[in-house]
């Protein structure tokens, strides 16, 4: 991944912790540093929307990189970067 001019923690990011507990999880960067913590929004623990939001948040660096590639690639060949866009969207949607 291109990190030149990057203003955020290096990706890929990952989730550390379990959604089956009533405790916070951490989002870690590529170096294992904490990017941010998330807590369950319900007193009963993690609901499905909160889990999906966490999974979406962790894809931020990949989504940004895919969009940058698409922006650059579409001016030359519109099909060239669709796989990267589709992969990032699938991960954000929890399908991979």
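Numbers at a glance
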| quantity | calculated |
| --- | --- |
| Conditions (1) surrounded by 11 or more Cβ atoms within 10 Å (Cβ to Cβ); (2) assigned to a helix (DSSP H, G or I); (3) modelled with pLDDT under 80: number failed by residue 67 | (3) |
| Residues of the stretch 30-45 satisfying the condition of being touching a residue at least 24 places away in the same chain (Cβ under 8 Å) and either in contact with a strand residue (DSSP E or B) (Cβ under 8 Å, 6 or more places away or on another chain) or under 16 Å from residue 91 (Cα atoms) (or both) | 35 |
| Conditions (1) farther than 16 Å from residue 12 by Cα; (2) surrounded by 14 or more Cβ atoms within 10 Å (Cβ to Cβ); (3) not assigned by TED's automatic domain parsing to the domain that holds residue 83: number failed by residue 28 | (1) |
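The values are calculated or read from the model by the stated rules, or taken from the named source; none is laboratory data. Remember, it's a predicted structure, so these values are computed and weren't measured experimentally. In this analysis, Cβ positions are derived from the backbone assuming ideal geometry, glycine residues included, and neighbour counts consider all displayed protein chains.
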